[in-house]
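As C-alpha cells, the structure follows; a few thoughts come after it.
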Amino acid sequence: MDVLKQRIVRDGVALGTEILKVDSFLNHRIDVGLLAEIGAEFRRRFSDVAGEVDKILTVEASGIAVAAFAARSFDDVPVVFAKKAQPSTMDDEYFFSEIMSFTKRQMTAIRIAKKFLAAGDRCLVIDDFLAHGQAALGLLHIARQAGAEVLGAGFVIEKGFQGGGAKLREKGVRVESLAVVREIKDGQITFE
C-alpha cells in the first residue's frame, strides 16, 4: 500500500534497528482518513472471504482503531478485543492466553469474555503491528479455545525481520500485511 509506505517514510521514526514509531498517525494520534483507506484495503485483500467474516479480533489498545475501521469495510461486523488487564466487571467466564510483550519486556495475559466469542464464529485478526507474533498467536489460541475459526490475519505494518509473520504462516495462517519492513538501519526504513 503505497500511501502507507510513503507516510511511514515521511512521519515514522526509526529507533535503533528494531523500533518503528508511527505514533503521529497510527497509534497515538490517529489519521482517520488513512485508517479508512487501510480498512478498505483489508476488505480488498480479504475479498474472497469478506462475506464469511462475522467478527474481527484484536488486542487493546492500539489495534482497536485499526480493527474498527476495518470492520466498517466488512459490513460493520463487531470488533472483539482482548483485554490486557482483567477489569472488575469481567467475571471468571473468559478465554485467555499468555503472551510475551517485547515492548514491555514481560508476560501479559490477554482475555476475551466467553459471551463475545463462540464456536462457529468466523473471524479475522486485525492489528496495527506484527513483530514477533505473540499477540496474534495469543488471539489464535483464544479463538481455538472458543471453537472459532480464524480466516486470516491482517496487519498494517509487519516487521518482517522479527519473524512473527513466518511463525503465523508456518501455522497455516493467511497473513496480509499492508507494509512489510525488511530493515531498520541508520534511521532508514527499507520495505520488502
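Answer with yes or no whether residue 52 is surrounded by fewer than 18 Cβ atoms within 10 Å (Cβ to Cβ) and either of a type in the set (Lys, Arg) or touching a strand residue (DSSP E or B) at 6+ places or on another chain (Cβ under 9 Å) (or both).
Considered against the rule, which asks whether it is surrounded by fewer than 18 Cβ atoms within 10 Å (Cβ to Cβ) and either of a type in the set (Lys, Arg) or touching a strand residue (DSSP E or B) at 6+ places or on another chain (Cβ under 9 Å) (or both), residue 52 comes out as yes.
Taking residue 4, is it part of a helix (DSSP H, G or I), out of contact with any strand residue (DSSP E or B) (no Cβ under 8 Å at 6 or more places or on another chain) and buried (at least 18 other Cβ atoms within 10 Å of the Cβ)?
Considered against the rule, which asks whether it is part of a helix (DSSP H, G or I), out of contact with any strand residue (DSSP E or B) (no Cβ under 8 Å at 6 or more places or on another chain) and buried (at least 18 other Cβ atoms within 10 Å of the Cβ), residue 4 comes out as no.
Yes or no, residue by residue, for (1) touching a residue at least 24 places away in the same chain (Cβ under 8 Å); (2) farther than 22 Å from residue 26 by Cβ:
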{"position": "141", "(1), (2)": "yes, yes"}
{"position": "151", "(1), (2)": "yes, yes"}
{"position": "160", "(1), (2)": "yes, no"}
{"position": "178", "(1), (2)": "yes, no"}
{"position": "182", "(1), (2)": "no, no"}
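So which residues in the range 120-137 are surrounded by fewer than 24 Cβ atoms within 10 Å (Cβ to Cβ) and closer than 16 Å to residue 96 by Cβ, if there are any at all?
134, 137
Are any of the residues in the range 160-172 over 27 Å from residue 18 (Cβ atoms) and in a helix (DSSP H, G or I)?
no
Only the coordinates and a few stated rules stand behind these numbers; no lab work does. In this text, all values refer to a predicted model and were calculated from it rather than measured experimentally. FYI the Cβ positions are ideal-geometry reconstructions off the backbone, even for glycines, and counts take in every protein chain you see.
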